[in-house]
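Undergrad: If you scroll down you'll find the structure; I have some questions about it.
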Amino acid sequence: MAQIEWSQEFSIGNATIDREHELLIGRINQLYDQLSLPLDTEAIETLLAEIQTDISAHFVMEELLMQEAGFAEFEGHKQDHERLLDQIQDMIFHFREDPENGEELLKNRMSDWFSHHFKSFDARLHGQLG
Ligand SMILES: [Fe+2]
Ligand SMILES: [Fe+2]
């Protein structure tokens, strides 16, 4: 199962953002634990809603800090946040409509969904947000 492990090398050097990233990774891992159990649609929907809420709040915070710091890649970074929000919304709809197929989709995509942005866009924030 595709679990993500937090490591100190992921730190971007801002305590608030680092704590939120660690928390989000924990939530996604919790979802993977749930996905390895017999299908429980309610538990999965609850976890997805939590991830969606937390990541929306996280993006708002990150965008605010980028703006304050005058970060040059702000627009592109924000666009990628919007893409990720669309994707999780799609995964949630898909799961609601067809839990068995939706579950497979989550297993295959959830880890990359977060990791790609995190290891590219967020990694470039290192040392930029004070
Ligand atoms: Fe982030
Ligand atoms: Fe980001």
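None of the figures in this text is laboratory data; all of them are computed from the coordinates on show. Quick caveat: nothing in here was measured; it's all calculated off a predicted structure. In this analysis, Cβ positions are derived from the backbone assuming ideal geometry, glycine residues included, and neighbour counts consider all displayed protein chains.
Undergrad: Which order do Met66, Met61, Met110 fall in if you start with the one that has the fewest other Cβ atoms within 10 Å? The partial results should precede the final answer.
TA: Details: Met66 19, Met61 14, Met110 22.
Starting with the residue having the fewest Cβ neighbours, the order is Met61, Met66, Met110.
Undergrad: Contour minus end-to-end for Ser115 and Leu85, with contour as 0.36 nm per residue of separation and end-to-end as the Cα-Cα distance? Numbers along the way, then the final one.
TA: Values: separation 30, 0.36 × 30 = 10.80 nm, distance 1.40 nm.
Result for the pair: 9.4 nm of gain on full extension.
Undergrad: Once a ≥ b ≥ c are taken as the square roots of the eigenvalues of the Cα gyration tensor of region 45-86, is the result rounded (a/c under 1.5), prolate (a/b larger than b/c) or oblate (a/b not larger than b/c)? Spell out each step's value before the answer.
TA: Values: a/c = 5.61, a/b = 2.05, b/c = 2.73.
Here region 45-86 falls in the oblate category.
Undergrad: Let me ask another. Cα gyration tensor of region 58-130, axes a ≥ b ≥ c as square roots of the eigenvalues: rounded (a/c below 1.5), prolate (a/b > b/c) or oblate? Walk me through the numbers on the way to the answer.
TA: On the way: a/c = 3.74, a/b = 2.47, b/c = 1.51.
It comes out prolate by the Cα gyration axes.
Undergrad: Rg to Rh ratio, the chain, alpha-carbon atoms and Kirkwood radius?
TA: Over the Cα atoms of the chain, Rg/Rh equals 0.98.
Undergrad: On a 0 to 90 degree scale, rounded to 10, what angle separates helix 41-69 from the longest Cα axis of the chain?
TA: Orientation of helix 41-69: about 10 degrees from the principal axis.
Undergrad: Helix 99-117 versus the longest principal axis of the chain: what angle, 0 to 90°, nearest 10, using Cα atoms?
TA: Helix 99-117 sits roughly 10 degrees off the main axis of the chain.
Undergrad: A follow-up question, please. Find how many whole Å separate the alpha carbon centroid of region 1-27 from the alpha carbon centroid of region 37-98.
TA: Measuring centre to centre over Cα atoms gives 15 Å.
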